[in-house]
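The values are calculated or read from the model by the stated rules, or taken from the named source; none is laboratory data. What you are looking at is a predicted structure, and each value in this text was computed from that prediction instead of being measured. Virtual Cβ from ideal backbone geometry, glycine too; neighbours counted across all protein chains shown.
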Amino acid sequence: MSTSTDKNRVIIFDTTLRDGEQSPGASMNIDEKVRIAELLERMGVDVIEAGFPIASNGDFVSVNEISKRVKGAIVCGLARAHKRDIDRCADALEPASRKRIHTFISTSALHMKYKLQMEPEDVHQAVIDSVSHARRFSDDVEWSPEDGSRTEHDFLCRCVESAIDAGATTINIPDTVGYATPDEFAGLIEMLRNRVPNIDKAIISVHCHNDLGLAVANSLAAVCAGARQVECTVNGLGERAGNAAMEEIVMALRTRPDRLPYTTGVNSEYITKASRLVAGITGVVVQPNKAIVGANAFAHEAGIHQDGMLKHSGTYEIMTPESVGLVKSTLVMGKHSGRHAFRKKLEELGCELGDNAFQEAFHRFKELADKKKEIFDEDLIAIVDDAVGHGENRIKFVSLHVVCGSTGPQQAELTLDIDGEQSTHKATGNGPVDATFNAIGVLFPHQARLQLYQVHAVTGGTDAQAEVTVRLEGNGRIVNGHGADTDTLVASARAYVSALNKLAAKREKTVQTALSA
């Protein structure tokens, strides 16, 4: 479907896999990126920025693999204003049915002087050269002036005009450091529309960061001023304070057509699923009061609110839970539920599993049902997140017995299955978690360093599952592992093992790449 014929159609450009991944600790492996890209395509995202191919071999491979898998959405790769960057980007995008090269260079006086150490004339020429070179590989080229919101207007207009003359079909104006205010940013877009003579030959895009909490407001103000593409991420993931949140952009346009008479191609019923998938993969937990996708977004505790909701939902809900994919299920799961009911329940929750992962998840569900009287949807989602890819792992959790308390010593006796053979070790530590991780280090020696250990309860109650995130760094690679269990220590062991499996998988792929080179 064309995204440019309808003057009120806003193109959704999702950069979760590129800018979102730059959020500290949000690194994703290739399989995880493909899963997210395939979901973004199903939900109707127009452009998927799959990565920065020159940044690493992993980024190149992920962009290349997504280019093979995604057929409907445009697959985009990022490149600096260097021929080598652009060539690498073009190679990665080669299999894509619809491809875009996104090239950029800084244009603010501050960035040109201290970051690039280039004169404005040289930057201007680099704009022309980079866009012209990118057009050799694709008719769809996007150009961005980094730190555009702090760029001197005359120079910005000159660079935008030259980029369009050189073949750019989309001009993206970034508020790179989240400095702008909505009226100021809207004025910038209006200024470009009034002063750049060939601006009608390109789509104006915006890419706003959230350092002052204004990314969504700035993006919507820009749309009202004439921008027709918004660059955003699921859950607002991104560097520093993040990017404009895709779910907030989409639902603001859908909920307020009286003030924002614009449309997108996004099926909003996928929003919750996308939010959970990205949060589960990256380990970046969504805050409870986050708009649209937070746990409290559709919760009503105050008596006055509850009374109003019972009389008419519109009293305190401006959108329905169902509109973002929160579906109330009639299936109540318990220890007597069979495979068919379990599969049906997962379908209602938007979870799709292969046979091996389904069997693992069903086994974990039965174990949980024996421990926990009431099983919530959140429990099942945690189980699914924990089960995905389990069958292919080198290391598998078998059992854990812990001795702990105020008098010590704290001990952990752990059994792991490593490459098909079970081994057991008893270790001590400064607390039960430390003892457990020490035991893992003996059973599977490694040099990885723990960067994050995070625990949160999946639901309420003392029998709630604990969901643990562990972040490890090894050989310059950062991975997140997740584990869920009613026993926090078991969940911790599962999370650590999950992260080690990811590091081991990355190491094996690196070795295979080196051998085949």
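Being of a type in the set (D, E, K, R) and touching a Gly at 6+ places or on another chain (Cβ under 7 Å) is the filter here; which residues of the stretch 120-174 pass it? Talk me through it step by step, then tell me what you get.
As a first pass, look at the stretch 120-174 and keep what is of a type in the set (D, E, K, R): 121-122, 129, 135-136, 139-140, 142, 146-147, 150, 152, 154, 158, 161, 165.
Once the filter is applied, which keeps residues that are of a type in the set (D, E, K, R) and touching a Gly at 6+ places or on another chain (Cβ under 7 Å), the stretch 120-174 yields only Arg135.
For (1) out of contact with any helix residue (DSSP H, G or I) (no Cβ under 9 Å at 6 or more places or on another chain); (2) closer than 21 Å to Gln454 by Cβ; (3) assigned to a loop (DSSP other than H, G, I, E, B); (4) modelled with pLDDT under 95, each residue gets a yes or a no:
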residue: Val230; (1), (2), (3), (4): no, no, no, no
residue: Glu239; (1), (2), (3), (4): no, yes, yes, yes
residue: Leu253; (1), (2), (3), (4): no, no, no, no
residue: Pro257; (1), (2), (3), (4): yes, no, yes, no
residue: Val286; (1), (2), (3), (4): no, yes, yes, yes
residue: His305; (1), (2), (3), (4): no, no, no, yes
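Which residue is surrounded by the fewest Cβ atoms within 10 Å (Cβ to Cβ), if the candidates are limited to the stretch 80-111 and must be touching a Pro at 6+ places or on another chain (Cβ under 6 Å) and not polar (S, T, N, Q)? Even if it seems obvious, please write down each step before you answer.
Within the stretch 80-111, the first condition is being touching a Pro at 6+ places or on another chain (Cβ under 6 Å), and the residues that meet it are 88-89, 92, 107.
With not polar (S, T, N, Q) added as a condition, the list becomes 88-89, 92.
Working: Arg88: 20, Cys89: 29, Ala92: 28.
The qualifying residue surrounded by the fewest Cβ atoms within 10 Å (Cβ to Cβ) is Arg88.
Among the numbered criteria (1) in a helix (DSSP H, G or I); (2) in the same structural domain as Ala504 (by TED's automatic domain parsing); (3) of a type in the set (D, E, K, R), which single criterion is violated by Glu360?
(2)
In the set Val384, Val433, Val398, which member is crowded, with 19+ Cβ neighbours inside 10 Å and modelled with pLDDT of 90 or more? Quick ask: steps written out before the conclusion?
Details: Val384 fails: modelled with pLDDT of 90 or more; Val398 fails: crowded, with 19+ Cβ neighbours inside 10 Å.
Unique residue meeting the criteria: Val433.
Looking at the stretch 419-446, which of the residues that are of a type in the set (A, V, I, L, M) and under 31 Å from the mean Cα position of the chain (by Cα) is farthest from Gly474 (Cα to Cα)?
Here is the first cut: in the stretch 419-446, the ones of a type in the set (A, V, I, L, M) are 427, 433, 435, 439-440, 442-443.
If we keep only those that are under 31 Å from the mean Cα position of the chain (by Cα) as well, we get 433, 440.
On the way: Val433: 20, Ile440: 15 Å.
Ranking the candidates gives Val433 first.
Here is a list: Lys396, Lys372. Which entry is out of contact with any strand residue (DSSP E or B) (no Cβ under 9 Å at 6 or more places or on another chain) and either over 23 Å from Tyr270 (Cβ atoms) or assigned by TED's automatic domain parsing to the domain that holds Leu452 (or both)?
Values: Lys396 fails: out of contact with any strand residue (DSSP E or B) (no Cβ under 9 Å at 6 or more places or on another chain).
So the residue among Lys396, Lys372 that is out of contact with any strand residue (DSSP E or B) (no Cβ under 9 Å at 6 or more places or on another chain) and either over 23 Å from Tyr270 (Cβ atoms) or assigned by TED's automatic domain parsing to the domain that holds Leu452 (or both) is Lys372.
Only residues that are polar (S, T, N, Q) and either outside the structural domain of Ala166 (by TED's automatic domain parsing) or closer than 16 Å to Arg158 by Cα (or both): list them for the stretch 113-131, please. First the steps, then the outcome.
We begin by selecting, within the stretch 113-131, every residue polar (S, T, N, Q); these are 117, 125, 130.
Passing the criteria: Gln125, Ser130.
Of the residues Asp147, Asp165, only one is out of contact with any strand residue (DSSP E or B) (no Cβ under 9 Å at 6 or more places or on another chain), touching a residue at least 24 places away in the same chain (Cβ under 8 Å) and either within 20 Å of Ile86 (Cα to Cα) or surrounded by 17 or more Cβ atoms within 10 Å (Cβ to Cβ) (or both); which?
Going through Asp147, Asp165 in turn, the sole match is Asp165.
For Gly280, all conditions in the list (1) part of a helix (DSSP H, G or I); (2) under 19 Å from Ile171 (Cα atoms) hold save one; what is the number of the exception?
Unmet for Gly280, out of (1) part of a helix (DSSP H, G or I); (2) under 19 Å from Ile171 (Cα atoms): (2).
Checking Thr428 against (1) in the same structural domain as Val490 (by TED's automatic domain parsing); (2) part of a helix (DSSP H, G or I), which test does it fail?
It is condition (2) that Thr428 fails.
Looking at the stretch 358-376 only, could you name the residues that are at pLDDT below 85 and surrounded by fewer than 19 Cβ atoms within 10 Å (Cβ to Cβ)?
Passing the criteria: Lys371, Lys372, Lys373, Glu374, Phe376.
With closer than 30 Å to Glu65 by Cα and in a loop (DSSP other than H, G, I, E, B) as the only criterion, which of Ala168, Ala180, Ala163 stands out?
Working: Ala180 fails: closer than 30 Å to Glu65 by Cα; Ala163 fails: in a loop (DSSP other than H, G, I, E, B).
Just one listed residue meets the conditions, Ala168.
Which one of these is outside any helix (DSSP H, G or I), within 25 Å of Val398 (Cα to Cα), modelled with pLDDT under 80 and not small (Gly, Ala, Ser): Leu331, Leu353? Steps first, answer last, please.
Numbers: Leu331 fails: within 25 Å of Val398 (Cα to Cα).
One residue alone meets the criteria, Leu353.
Filter the stretch 409-418 for residues that are surrounded by 13 or more Cβ atoms within 10 Å (Cβ to Cβ) and either in contact (Cβ under 8 Å) with a residue 40 or more places away in the chain or over 35 Å from the mean Cα position of the chain (by Cα) (or both) and give the result. If you could, list the steps in order and put the result at the bottom.
Keep residues of the stretch 409-418 that are surrounded by 13 or more Cβ atoms within 10 Å (Cβ to Cβ), which gives 410-418.
Matches in the stretch 409-418: Gln410, Gln411, Ala412, Glu413, Leu414, Leu416.
Would you please name the residue that is modelled with the highest pLDDT, looking only at residues in the stretch 445-493 that are part of a strand (DSSP E or B) and out of contact with any helix residue (DSSP H, G or I) (no Cβ under 8 Å at 6 or more places or on another chain)? Quick ask: steps written out before the conclusion?
Pass one, the stretch 445-493, residues part of a strand (DSSP E or B): 449-457, 466-474, 477-485.
Retained after the next criterion (residues that are out of contact with any helix residue (DSSP H, G or I) (no Cβ under 8 Å at 6 or more places or on another chain)): 449, 451-452, 454, 456-457, 473, 478.
Working: Arg449: 94, Gln451: 91, Leu452: 89, Gln454: 89, His456: 84, Ala457: 85, Glu473: 90, Ile478: 82.
Result: Arg449.
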